[in-house]
Amino acid sequence: MRINSAKQKMSEGKAVFGYPLGLGSAIIAEMLSDCGIDFVMIDNQHGTWGPDSTIAALIALRTGSAIPMAREARNDFTMIGRLLDEGCMGVVIPMVNNAADAKAAADACRFPPKGTRSWGWGRARAYGADYSSWIDDQIFVAVQIETVEAVENAEAILGTPGVDGCWVGPSDLSLSMGFHPSQMFERDEHRIALEKVIQACKNTGTVPGIACASPEEAVRRAEQGFRFLTAGGDAGMVLGGATAGLKTVRAFQG
């Protein structure tokens, strides 16, 4: 049995932080798996991942302490099941706008009678013969709230049995509100929407989460009450390090 330490911390009211992976590299997944971060999320919606590279990343993540999670490309029963069958212990389901969407997502993640997940799994057998006896409790199921409609339905979405929390997509939420994501930090309506989501989570006993562009932003959001946070990502880390290095060498070059 493997304990989902990230889910355990969140159940205790603590904030957890993760790094999303978009570059399609199992080597980066392996490097980040044991850096001390709470979870690592393979981004199958916007990242450069295919079925084989996703499996390779999950194998790589097994080497470290970070909990392996993934964002699915869409709210699809078979696609969600495949991620779980390959060993994900947390899933994020995008574009959940109402309780019906939330039920479809949650049901796909757990075996009957709690859900409708199909019996059978692939490399998740690496967790041991007792996998099916504990995975329903250890899996963390987060739905994405990223539209005005979803914010309006937040309490119904988060009150759906089997939904453990949410992961707000602040940029798509901005677009849904009619303005560019670059304006989100100065728009009161965006702030109020996030506050509504946090309150909905409090009312339903679920975990509020949000995507952040940097560790600094993630800490600020945690101070606002979010507990499931991504803090930048692999592409930003690579480009950030490269940009910082370039400044150093350009300063020498004059």
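In table form, for the structure just shown:
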quantity	calculated
Estimated inter-spin distance, N203 and K114, nm [label 7 Å along Cα→Cβ]	2.6
In sequence order, calculated HN-Hα J values of the stretch 160-167 (Karplus, 6.51, -1.76, 1.60; Hz; x Gly/Pro)	6, x, x, 8, 8, x, 9, 9
Theoretical ellipticity at 222 nm over the chain - DSSP helices of four or more residues, -39500 (n - 2.57) apiece, nearest 500	-13500 deg cm²/dmol
Cα centroid separation - the stretch 19-59 against the stretch 124-155, whole Å	18
Using θ = phi - 60° and Karplus 6.51 cos²θ - 1.76 cosθ + 1.60, couplings along the stretch 20-27 (whole Hz; Gly, Pro as x)	x, 10, x, 8, x, 10, 5, 5
³J(HN,Hα) computed for each position of the stretch 60-70 - Karplus, 6.51 cos²θ - 1.76 cosθ + 1.60, integer Hz, glycine/proline x	5, 5, 5, 6, x, 8, 5, 6, x, 10, 8
Simple spin-label estimate for Q8 and A129 in nanometres, 7 Å along Cα-Cβ	2.4
Extension gain (nm, one decimal) between T248 and Q224, 0.36 nm per residue minus Cα-Cα	5.1 nm
Interchain or long-range residues, amide H under 5 Å from G90's placed H	A70, F140
Distant-in-sequence amide H partners of I145 (H built 1.01 Å from N, under 5 Å)	W167, V168, G169
Where labels lie 7 Å past Cα in the beta-carbon direction, separation of A156 and S214 in nm	3.9
Label point at E189 placed 7 Å out along Cα→Cβ; residues across the stretch 141-159 whose backbone nitrogen lies under 16 Å	146-153
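Bear in mind these aren't lab numbers, they're just calculated from the coordinates by the rules spelled out. The structure presented is a predicted model; accordingly, all values stated were derived computationally and were not measured. Positions of Cβ are generated from backbone atoms using ideal geometry, with glycine treated the same way; all protein chains shown enter the neighbour counts.
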